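The values are calculated or read from the model by the stated rules, or taken from the named source; none is laboratory data. Because the structure is predicted, anything quoted here is derived from the model rather than measured. Here the Cβ is made from the backbone with ideal geometry for all residues, glycine too, and neighbour counts use every protein chain on show. What goes into the accessible areas is simple: the full protein's heavy atoms, side chains included, and nothing from ligands, DNA or RNA. Shrake-Rupley method; radii C 1.70, N 1.55, O 1.52, S 1.80 Å.
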Amino acid sequence: KPSDPTMTGKTQTSNVTNKNDPKSINSRVFIGNLNTAIVKKGDIEAIFAKYGKIVGCSVHKGYAFVQYMSERHARAAVAGENSRIIAGQPL
């Protein structure tokens, strides 16, 4: 929607990360111990996009979910980012 001020010319990911079909569940990454006062959705997407196509990202108080197109991408993200320090806290 061009009139939406949150659209910044790049493709926005969905906020939906809670689909229950098996393919979605296996390609979803839980990100815990997240300082969501500092780290925003765009930051999470920037960090995790290098592992594959993100189709959804939802941020909650202290945690987030990233939904990838494939399980392989989700596994790569977990392997690559587990224990990474972001905003002073290990994921």
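Brief remarks follow.
- Spans of strands (runs of 3 or more DSSP E) in the range 23-88 with at least 1 residues aromatic (Phe, Trp, Tyr) and modelled with pLDDT of 95 or more: 28-31, 63-68
- The set of residues in the range 68-91 that are open to solvent by less than 80 Å² (accessible area, probe 1.4 Å), under 14 Å from the mean Cα position of the chain (by Cα) and closer than 21 Å to ALA37 by Cα comprises GLU81, ILE86, LEU91.
- Among the residues making up the range 21-36, those that are touching a residue at least 24 places away in the same chain (Cβ under 8 Å) and more than 9 Å from the chain's Cα centre (by Cα) are LYS23, SER24, ASN26, SER27, GLY32, ASN33, LEU34, ASN35, THR36.
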